[in-house]
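Notes follow the structure.
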Amino acid sequence: MRIGAVLGITDIWTYVLGTVAIILLPGPNSLFVLSTAARRGVPSGYRAAAGVFAGDTVLMVLSAAGVASLLKAYPPVFLAIKYAGAVYLGYVGLQMIRGALRRWRSPAPAPATPPAAAEPAYNPFRKAAVISLLNPKAILFFISFFIQFVDPAYAYPALSFLLLGLIAQLASALYLTLLIFAGTFLAAQFRRRRRLAAGATTAAGTLFLGFGLKLATG
């Protein structure tokens, strides 16, 4: 294809289809954006999505710069990042479960306005970025996936990585936007059903604990 030939990318449409399939797989990033939008509204959902974009961009740049090879060469560094990520995912999960238990026990009805207004210290951007960054497997994945579509004879491989990264971020933005507005629908249901909200938050927290356990033992 002409675009692939110019920018050093081979079989760009296969890459697009593969990227979409990968993004649709459930993971801690997408779950965090969905749960944030459901609990705190659209603005907080987009702040969480921006954190995911920032974290993923850093990982893509690190992958293109060869950090994946460094992690492979120094297993202790990989393990340190891996276990830090597992602990943080577990911490986020426990926080969500504790909040759900407080809501379940509270006799007061759920507030009519998003809780974000009552908790200005909450920073979904920072949490989402940390969740994304503390995933050394993502660095290894990006380099192993991207490299399949870069022509090794192309003189400017950075441009190839840039286009591949932009395609991945665009697909991620569309998907996370869908999740954010799905989250606002759930939020409307949760405001009327306090225990349903507590149960959904507990389920999300449990999934984060599962993600952390999988990262630590995988």
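The values are calculated or read from the model by the stated rules, or taken from the named source; none is laboratory data. What you are looking at is a predicted structure, and each value in this text was computed from that prediction instead of being measured. Neighbour counts run over all protein chains shown; Cβ positions are idealised from the backbone, glycine included. We work out accessible area using only protein heavy atoms, side chains counted, and drop any ligands, DNA or RNA first. Shrake-Rupley method; radii C 1.70, N 1.55, O 1.52, S 1.80 Å.
Picking from residues in the stretch 112-128 that are open to solvent by less than 70 Å² (accessible area, probe 1.4 Å) and assigned to a loop (DSSP other than H, G, I, E, B), the one that is modelled with the highest pLDDT is Asn123. Could you please let me know if Ile131 is within 27 Å of Pro76 (Cα to Cα), open to solvent by less than 30 Å² (accessible area, probe 1.4 Å) and modelled with pLDDT of 80 or more? When the stated conditions are applied, Ile131 passes them. A Cβ distance below 6 Å, combined with a sequence gap of six or more or placement on separate chains, defines the contacts here; from the stretch 52-63, residues that are acidic (Asp, Glu) reach residues that are assigned to a helix (DSSP H, G or I) in the pairs Asp56/Ser132. Of the residues making up the stretch 158-186, those that are surrounded by fewer than 20 Cβ atoms within 10 Å (Cβ to Cβ) and either in contact with a Pro (Cβ under 7 Å, 6 or more places away or on another chain) or of a type in the set (Ser, Thr, Tyr) (or both) are Tyr175, Thr177, Thr184.
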